[in-house]
Amino acid sequence: MEYVLPPSIIANQADWTLLDFTGMQQSPLSGAIRTISRGQRWQAHLLFHDLITDDRASLAALVAVLRGKSNRIWFADPAYRQRGSFPAPELLANGSFANGAAGWSAGGSAVLNGFNRNLFVQSSGVANPGAYQSVPLVAGAAYALRACLVDGPGSAAQSLGVRLSDGTNTWPNVSTSARGLITSAAVALVSGAGLQYAALMTTPATGIFAMTTYASLRRCALVQNPGGTTYYTSIPIDALPPSTFGLLRAGDRVEVNGEFKTVTFDLNSDASGVGQLMFEPALRKIVPDNAPVIIGEPMMRAILSNDAMQPSRPGGFSDFDITVVEG
């Protein structure tokens, strides 16, 4: 199972380490050194200082549901600021649900309740209950709608997911098995206001509910790989603003096929909106055609690398200490 670190709880410090798995052998005679790279992975040490009671309790609950190294956590670098010009502002209001259900509308006669940074979507027995916002999309631009979905009582057998729309066309990503961070990405075919569903169920019985703990809608780029080519540290992408230099700058971060990357050379586009994205560490698997390249808020999928430190100071503020490794 996957969970998202609540974006409204911001780490005071994030120490990043690029773990290297390169093997090295040195000749005892000539002193020549031979190296064999076995890849790299990110490690992050997150420090939260002076947390108030609710924030500390939310983090403690998150660590508990991770079950040590059994489950995964997604999170964004709290200090990251994009330097390139690619336009990817957040298009949803209250995607952290810090303000309850404010800004969200109910589809399929669903009952919505926002509480403790979660949005609960409860069925009233009508088809396709869900939570949405009406957001206009621009034709020719690619968008990624993401939400972290968690089952409630009775929803495990239901199809659950998200649905992106340009007002005329829809791109659902709904299944009976996938939970955690779900993404639907596509190029808008027309310009129009669509209903962007951050949680959408099939036709469950009255009272069944699911919840979403995070939602986001931003412009993105798409991988151009119709032939299923194996790429490592460079990959062609499209759906970019055409004929633009500096869409991303060296040192910017992106998320490619669920992997967290650092851009190594500036990203530019040609007249067709195609560019070559160069990054490190290398990709660990083949990236499918039209996979989203998350630019506005790239996140890392990680596993706890040690036990979280939870010092407690009754009557005052408390700290929290988490170390995770990409995986």
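The values are calculated or read from the model by the stated rules, or taken from the named source; none is laboratory data. Bear in mind that the values here come from a model prediction, so they are computed numbers and not experimental data. All Cβ positions, even for glycine, are placed from backbone atoms using ideal geometry, and neighbour counts span all protein chains on display.
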- Note on the structure: Per the filter on segment 189-206, residues at pLDDT below 95 and not in a strand (DSSP E or B) are Thr202, Thr203, Pro204, Ala205, Thr206
- Report, by residue number, each residue of segment 240-277 that is within 25 Å of Ala147 (Cβ to Cβ) and not hydrophobic (A, V, I, L, M, F, W, C). Asp252, Arg253, Glu255, Asn257, Gly258, Glu259, Lys261
- Query: In segment 213-234, is there at least one residue being more than 24 Å from Asp166 (Cα to Cα), not assigned by TED's automatic domain parsing to the domain that holds Leu145 and not in a loop (DSSP other than H, G, I, E, B)?
  - Reply: yes
- Task: Would you point out the residue of segment 61-77, among those that are over 17 Å from Pro7 (Cα atoms) and basic (Lys, Arg), that is surrounded by the fewest Cβ atoms within 10 Å (Cβ to Cβ)?
- Result: Arg67
- Filtering segment 30-60 down to residues that are closer than 25 Å to Gly327 by Cα and loosely packed, with under 12 Cβ neighbours inside 10 Å, which residue is farthest from the chain's Cα centre (by Cα)? Thr35
- Tell me, which residue of segment 1-29 that is among the β-branched types (Val, Ile, Thr) and assigned to a strand (DSSP E or B) is surrounded by the most Cβ atoms within 10 Å (Cβ to Cβ)? Val4
- Query: Is it the case that some residue within segment 53-64 is of a type outside the set (Val, Ile, Thr), more than 20 Å from Arg117 (Cα to Cα) and in contact with a Phe, Trp or Tyr (Cβ under 6 Å, 6 or more places away or on another chain)?
  - Reply: no
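A quick yes/no check of all residues on (1) more than 27 Å from Cys148 (Cβ to Cβ); (2) free of Cβ contacts under 8 Å to residues at least 40 places away in the same chain; (3) not assigned by TED's automatic domain parsing to the domain that holds Leu248:
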position	(1), (2), (3)
Met24	yes, yes, yes
Leu46	no, no, yes
Ala57	no, yes, yes
Val65	no, no, yes
Asn71	no, no, yes
Trp74	no, no, yes
Gly84	no, no, yes
- Which ones in segment 94-109 are free of Cβ contacts under 8 Å to residues at least 60 places away in the same chain and among the hydrophobic types (A, V, I, L, M, F, W, C)? Ala101, Ala102, Ala106
- Item | Scope segment 297-327; condition in contact with an Asp or Glu (Cβ under 7 Å, 6 or more places away or on another chain), part of a loop (DSSP other than H, G, I, E, B) and at pLDDT 90 or above; matching residues | Pro298
- Task: For Val126, state whether it is outside the structural domain of Thr53 (by TED's automatic domain parsing) and at pLDDT below 95.
- Result: yes
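Here is a yes/no grid of residues against (1) at pLDDT 95 or above; (2) out of contact with any helix residue (DSSP H, G or I) (no Cβ under 9 Å at 6 or more places or on another chain); (3) surrounded by fewer than 19 Cβ atoms within 10 Å (Cβ to Cβ):
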| residue | (1), (2), (3) |
| --- | --- |
| Gly84 | yes, yes, no |
| Pro87 | yes, yes, yes |
| Leu91 | yes, yes, yes |
| Ala98 | no, yes, yes |
| Gly103 | yes, yes, yes |
| Ala106 | yes, yes, yes |
| Asn113 | yes, yes, yes |
| Phe120 | yes, yes, no |
- When you go through Leu195, Leu217 one by one, which is the residue that is surrounded by 22 or more Cβ atoms within 10 Å (Cβ to Cβ), in contact (Cβ under 8 Å) with a residue 60 or more places away in the chain and farther than 14 Å from Leu149 by Cβ? Leu217
- Test each condition in (1) in a helix (DSSP H, G or I); (2) within 26 Å of Arg284 (Cα to Cα) for Ser58 and report the one that comes out false. (2)
